[in-house]
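Notes follow once the structure below has been shown.
The values are calculated or read from the model by the stated rules, or taken from the named source; none is laboratory data. It should be emphasised that the depicted structure is a prediction, and the values quoted were computed from it without experimental measurement. Please note: Cβ atoms are built from the backbone with ideal geometry, for glycine as well, and neighbour counts cover all protein chains shown. Surface areas here come from the heavy atoms of the whole protein model, side chains and all, with no ligands, DNA or RNA. Shrake-Rupley method; radii C 1.70, N 1.55, O 1.52, S 1.80 Å.
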Amino acid sequence: MLISNLCVKRKFGTVADATTKGHKLCVKGGYIHQTFQGGYTLSPLGYKVCRNIERVIREEMDAIGGQEILMPVVSGADIWKESGRYDKVDVLAKFKGRSGAEYVLNPTHEEVVVDFVKSVLDSYKQMPFMVYQIQTKFRDELRSRAGLVRTREFRMKDAYSFHTTQEDLEQYYNQCLQAYYRIFKRIGMKNVVDVKSDNGDMGGSISHEFMLLHPIGEDTVYVCPCGFRANKETMGESKICPVCGKPLEDHRGIEIGNIFQLGDKYSKSMHLEYTAQDGSKKNPIMGCYGIGVGRAMASVIEESADDNGPIWNMEIAPYKVHIVTMADKSGESDKLGQQIHDYLTAQNVEVILDNRDIRAGEKFADADLLGAPIRLIVSPKNLEKGEIEVKYRHPNYQSLPASLPVSGFEQALNNLLADCRKI
RNA sequence: CGGGACUUAGCUCAGCCUGGUAGAGCGCUUGCUUUGGGAGCAAGAUGUCGUAGGUUCGAAUCCUAUAGUCCCGACCA
């Protein structure tokens, strides 16, 4: 891809209405564009990051036996009335069709998934299983905030598991909890903790929130050096650790995921039954597991960025390699830049080439905003030495080579990419 | 949903108090000079001044209504 053709507008100067560093960089770098209050269009750049995060999520969900499905954004009001949540969930957006039929925009999909599973589940022999989707949610919140951190429409991974016993649910719930840590680590989050939380309108018993500890977070997390953690709601007024009795530390947290043990709340209210081994009809025990994809993306930028732009890792960077060619009257730099670009494209490596006839400073500033982990600088100065200069955006890569040979760059680049993926 | 602020060029804003027919910087187009961290000079294009009413000879400017956006708070499966 040529940077001049990239359908992304990077901006100079002040970004009005952006209050956090990450939000500013998302707008400045052209990752997102606000379409309405709480609703964003993802540019090719933003959507690449989003899809990379989703790929990691899919791999980890599949690894614990998840089966991907796709449910509709809209559903009839009937299933929400059946579950009893139609008048209870105030973020539920309701509307009517021309015929007067009542619809909802699903803010979460317990009702829809139970309706689906009713069409599938007959016997205890089919359980346990988990289905998940990555799809758009709409929640009619009164206010959005900080770009993708808090929106009204957003991409979400929501997973639902079905079990014959509470013990089986708990075992799977812990598996899922571990999978969540793997996901957050792979997409480059550093300071993530899980805290016990209140189930609220979701019902059920145990639930955990995954919090990225960060000053811009909207939630308060209490953390004890002994390892105990809880969110403010579940602790009430107490600020003393119930485990060791020491005072708890306050942290702000961004809630990037949550998992719930739902029990039989939905399977019972919506009459989802299976035939047990003894021939009796029973309601499955359910768990549900959510991750906000856009919020995860915003959180990574908040946590890992410098003043010039986001710092992506190899898993989620929109482009892995960013080639900058410098002014060169002989045309040799552009020629080699194009060769490297074509080689990487053929290798299925996401690469972007900046061969614009503009000053170096603007190219570097743009490269910082795109945040590719590997930057190759092709210039007359470097060509004289027979080298391609390499710069790394991610601090973990700084020990890697600072240059590659021009002759045989293919092999050297392959090795470098392999090394980067390992770190 | 309570409190506060805002809406003028693609973006960031000035102009409004004191009414007289639209401005700057950035971006964009063209040319020349530049070219290792957002360059310089010159020329050029771009607006129903959020929308609808009202006052007035005349409204971006004053009045009313309405829509949208932002911030703080509350809310948040």
Condition broken by A:LEU344, with the remaining ones in (1) modelled with pLDDT under 95; (2) outside any loop (DSSP other than H, G, I, E, B) satisfied: (1)
Failed criterion for A:ILE388 (all others in (1) over 26 Å from A:LYS48 (Cα atoms); (2) open to solvent by 10 Å² or more (accessible area, probe 1.4 Å) hold): (2)
All positions within region A:107-121 that are more than 9 Å from RNA strand B (Cβ to nearest atom) and of a type outside the set (Ser, Thr, Tyr): A:GLU111, A:VAL112, A:VAL113, A:VAL114, A:ASP115, A:PHE116, A:VAL117, A:LYS118, A:VAL120, A:LEU121
Entirely in region A:122-200, the strands (runs of 3 or more DSSP E) that have 3 or more residues that are at pLDDT 95 or above and within 16 Å of RNA strand B (Cβ to nearest atom): A:129-138, A:153-163
Test: residue in region A:197-206 that is open to solvent by 20 Å² or more (accessible area, probe 1.4 Å) and closer than 25 Å to A:GLU303 by Cα: no
Any hit, region A:156-164, residues being open to solvent by less than 60 Å² (accessible area, probe 1.4 Å), of a type in the set (S, T, N, Q) and closer than 20 Å to A:HIS109 by Cβ: yes
Qualifying residue in region A:91-114 (condition: open to solvent by 10 Å² or more (accessible area, probe 1.4 Å) and touching a His at 6+ places or on another chain (Cβ under 8 Å)): no
Region A:11-30 residues that are within 17 Å of A:ASP368 (Cβ to Cβ) and open to solvent by 50 Å² or more (accessible area, probe 1.4 Å), paired with ones that are in a helix (DSSP H, G or I) and more than 8 Å from RNA strand B (Cβ to nearest atom) (beta carbon under 7 Å, 6 or more apart): A:LYS11/A:VAL27; A:LYS21/A:GLU302
Whichever residue in region A:311-332 is of a type in the set (Gly, Ala, Ser) and at pLDDT below 95 and, among such residues, is nearest to A:TYR397 (Cα to Cα): A:ALA327
Those residues of region A:1-10 which are open to solvent by 90 Å² or more (accessible area, probe 1.4 Å) and either touching a Leu at 6+ places or on another chain (Cβ under 6 Å) or within 9 Å of RNA strand B (Cβ to nearest atom) (or both), in sequence order: A:LYS9
Qualifying residue in region A:378-393 (condition: under 19 Å from A:LYS335 (Cβ atoms), in a helix (DSSP H, G or I) and in contact with a Phe, Trp or Tyr (Cβ under 9 Å, 6 or more places away or on another chain)): no
Condition broken by A:GLU255, with the remaining ones in (1) open to solvent by 20 Å² or more (accessible area, probe 1.4 Å); (2) in a strand (DSSP E or B); (3) over 15 Å from A:VAL195 (Cβ atoms) satisfied: (3)
Checking A:THR35 against (1) surrounded by fewer than 20 Cβ atoms within 10 Å (Cβ to Cβ); (2) under 21 Å from A:GLY188 (Cα atoms); (3) at pLDDT below 95, the condition it does not meet: (2)
Matching residues in region A:295-344 - criterion: being of a type in the set (Val, Ile, Thr) and either away from RNA strand B (no atom under 13 Å from the Cβ) or more than 30 Å from the chain's Cα centre (by Cα) (or both): A:VAL300, A:ILE301, A:ILE316, A:VAL321, A:THR325, A:ILE340
Matching residues, region A:408-423, being free of Cβ contacts under 8 Å to residues at least 12 places away in the same chain and not small (Gly, Ala, Ser): A:GLN411, A:ASN415, A:LYS422
Residue match in region A:58-66 (condition: hydrophobic (A, V, I, L, M, F, W, C), within 16 Å of RNA strand B (Cβ to nearest atom), assigned to a helix (DSSP H, G or I) and open to solvent by 20 Å² or more (accessible area, probe 1.4 Å)): no
